[in-house]
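The values are calculated or read from the model by the stated rules, or taken from the named source; none is laboratory data. Bear in mind that the values here come from a model prediction, so they are computed numbers and not experimental data. Here the Cβ is made from the backbone with ideal geometry for all residues, glycine too, and neighbour counts use every protein chain on show.
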Amino acid sequence: MLLEVKDLNTHYGPSHVLQGVHLEIAEGELVALLGRNGMGKSTTLKSIMGLVKPTSGSIRLDGSEIAGLPPFKVARAGIGYVPEERRIFPGLSVLDNLLLGVKGGRMADPNDPNAWTVERIFHHFPKLKERTHQHGGLLSGGEQQMLAIGRSLMGNPRLLLVDEPSEGLSPIMVQEVRNVLADINRAGVSVLLVEHNLKVALSLASRVYLMSKACVGCQASAEEVKTNAGLRAKYLEA
Ligand SMILES: Nc1ncnc2c1ncn2[C@@H]1O[C@H](COP(=O)(O)OP(=O)(O)OP(=O)(O)O)[C@@H](O)[C@H]1O
Ligand SMILES: [Mg+2]
């Protein structure tokens, strides 16, 4: 297994938000983490990334324990993170935003044809290439999302954690971001995706984890979620 999360508990002060989360991602998989608002999806990603310190439990990347490591060490171990808020640098050019992504992540092997470079990112994101020297802040919401994803790829992650990438985007940009994620996954990057847009999530993921108060490690196939209205009513619908 590339990522194995076992019995993960995270608190915010007295509030016990993650109560024994279990999940696994195999090399090359794209897995979705779904659930209603406030169930702890973002907290799960932050706990894996080391942005929030878990109280207990195990997070193994390729067999090595990473729970409790600071975020820069988690990044160097091979995990990239695209937060919900995107957080690109509006006053820096597209190129400089991408180059900043090299810093936190894994050093690419210069002989590896699959290493992520600016050229390779521009190949996957032609829209960004057109805007190489423009300030990030001038990009549309969808383009900023592409930039945030591109920047995280510059750290050469084996696993990318992506939080609500389609939030606030126009339908066309939602499709483009969806296609970019499919493309990146085909290129060999494993993905853990939190996504409210069920259509997008189920069109990308093979497996799904459903988060709720009652169930922290409930798994389903994308097909089951598509076809089982009861399952959707129980875990996903308001
Ligand atoms: N920094 C924080 N301090 C205290 N409580 C927090 C903090 N961040 C999140 N929470 C609480 O933890 C719970 C889980 O939040 P989280 O953001 O992980 O949920 P989520 O599943 O990502 O929700 P959404 O679908 O709305 O993004 C919520 O009750 C939230 O209010
Ligand atoms: Mg969230």
Give just the number: which of (1) in contact (Cβ under 8 Å) with a residue 60 or more places away in the chain; (2) out of contact with any Leu (no Cβ under 8 Å at 6 or more places or on another chain) does S203 not satisfy? (1)
When you go through G35, G57, G20 one by one, which is the residue that is more than 30 Å from A108 (Cβ to Cβ) and within 16 Å of ligand 2 (Cβ to nearest atom)? G35
How about the range 2-43: which of its residues are among the hydrophobic types (A, V, I, L, M, F, W, C), more than 23 Å from K226 (Cα to Cα), surrounded by fewer than 21 Cβ atoms within 10 Å (Cβ to Cβ) and modelled with pLDDT of 95 or more? L2
Residues satisfying the stated conditions in the range 10-57, i.e. away from ligand 1 (no atom under 13 Å from the Cβ) and not in a strand (DSSP E or B): A26, E27, G28, E29, G50, T55
With respect to L33, is the statement that it is of a type in the set (A, V, I, L, M, F, W, C), within 22 Å of A148 (Cα to Cα) and touching a Ser or Thr at 6+ places or on another chain (Cβ under 9 Å) true? yes
Among the residues of the range 159-183 satisfying the criterion of being in contact (Cβ under 8 Å) with a residue 24 or more places away in the chain and among the polar types (S, T, N, Q), which is surrounded by the most Cβ atoms within 10 Å (Cβ to Cβ)? S166
Pair list, Cβ under 7 Å, 6 or more apart: the range 74-90 residue of a type in the set (D, E), other residue within 13 Å of ligand 2 (Cβ to nearest atom): E84/S42; E84/D163; E84/E164; E84/E167
Which numbered condition L210 fails, given (1) away from ligand 1 (no atom under 16 Å from the Cβ); (2) not in a helix (DSSP H, G or I): (1)
Residue that is surrounded by the most Cβ atoms within 10 Å (Cβ to Cβ), among those in the range 91-121 that are in a helix (DSSP H, G or I) and of a type in the set (K, R): R120
Over the range 122-158, the set of residues outside any helix (DSSP H, G or I), within 13 Å of the chain's Cα centre (by Cα) and crowded, with 21+ Cβ neighbours inside 10 Å is P157
When the range 124-155 is examined, which residues are found to be of a type in the set (A, V, I, L, M), in contact with a helix residue (DSSP H, G or I) (Cβ under 6 Å, 6 or more places away or on another chain) and farther than 24 Å from A77 by Cα? L128
Some residue of the range 188-195 being among the hydroxyl-bearing types (S, T, Y) and at pLDDT below 95: no
Name the one entry in L181, L161, L202, L192 that is on the phi < 0 side of the Ramachandran plot, under 11 Å from the mean Cα position of the chain (by Cα), away from ligand 2 (no atom under 16 Å from the Cβ) and not in a loop (DSSP other than H, G, I, E, B). L181
Answer yes or no as to whether G28 is in contact with a helix residue (DSSP H, G or I) (Cβ under 9 Å, 6 or more places away or on another chain), within 12 Å of ligand 2 (Cβ to nearest atom) and under 18 Å from R207 (Cβ atoms). no
